[in-house]
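The numbers here are math on the coordinates, done by the rules we state, and not lab data. Owing to the predicted nature of the structure, the values given are computational and were not obtained by experimental measurement. Every residue, glycine among them, receives a Cβ derived from its backbone with ideal geometry; neighbour counts consider all protein chains shown.
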Amino acid sequence: MKLSRLLPILVLLFCWQGLSAQDVHYTLFDYSPLRSNPALTGAFEGSVRIGGIYRSQWFTVGDATEFGTPSFYADAPIIRGFREQDWIGVGLFVMSDKYGRNDLQTSGGQLSASYHLANKKRTSILTLGAQYGRMQRSINYNSPIYEQIIAANSGGLGLPPADGEFGQTQEEMTDFTDINVGLLYRAKIDKISSIEIGLAGLHLNTDDNALLTAGGLPSKREITAIGHAIYERELDNDWSINPKLFWQTTEAGGNEIQVQAWAGKQMNADFKINFGLGYRAGDAANILFGIDYKDLRAALAYDLTVSSANSITNYQGGFELGAYYIIKIYKQPELPPTILCPRF
């Protein structure tokens, strides 16, 4: 077998064996806030936020359509809470994740809600969030690549096992309930700096999330824990810095630690350029670029593989494009009619 054909098989075989430790991840994690932490629902200034992000990776293993993860969301702070300074947010998150030529896909939608407890000046806010949805996973065993993965699992690179030998059909699909919770703290430290710290637990009902079996080995969606932190500071009227930290781990031992250093240059009152570098431990270096234009924010990220996998990826890790827009709908003040008395 040619090396060019064997490498994708080895990569996908490795990925399949580690399925229980895998979960969706984004370099631009803050451009998919409802995936990172349900407590981020409604955590912004405005009426409605609409956004999305797309990630594609492993270009040297397959084409751009074989490893892709698009997601979209919308959220809003809808009503006041029990206190005048508190509020409640709601949101909708939709995603689709395709992983390889065997068409392993995870997709679905989730509804989220959050309660924001703020001090009177809203300079310190503690948020509790929860998320509930239905997800679906499917796989196509008819793929030529997957046939060789099945064969490798069964003891050789010969013919794949007969249909049903491992209790599986040629195509398998399952759907399940997904429950996530989150906690978020945001604070204005002083006039020029602020901080955001969050923790989240995803897939809490793993007993109901049974997925697929391959080679007789069970694979399920493990509980995922996420931690994230963002610090922002204005250096002067034009420049700012924005370091970020993201940590993710699964029950099965999959770990991800990502650090980023962003800087921003205010070009005029409406337009700002953001740029930076990042590193995902043991995996990839990140090149980051973004813009802010009025209430629109967009960013690009490119991952350069620095792990041993670069012999397969040729340093081409992944590409991401994320954006969101905040709609602001404010009522015009109702002024009482004024009667002007003529002057004589």
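Just a few scattered comments:
- Packing here is the average count of other Cβ atoms within 10 Å per residue, and on that basis the peptides 250-263, 175-188, highest first, run 175-188, 250-263.
- Peptides ranked, highest mean first, by Cβ atoms within 10 Å: ranges 231-240, 127-136: 127-136, 231-240
- Legend: distances between Cα atoms for 272/328; 98/328; 121/328; 244/272; 120/188; pairs beyond 24 Å are 98/328.
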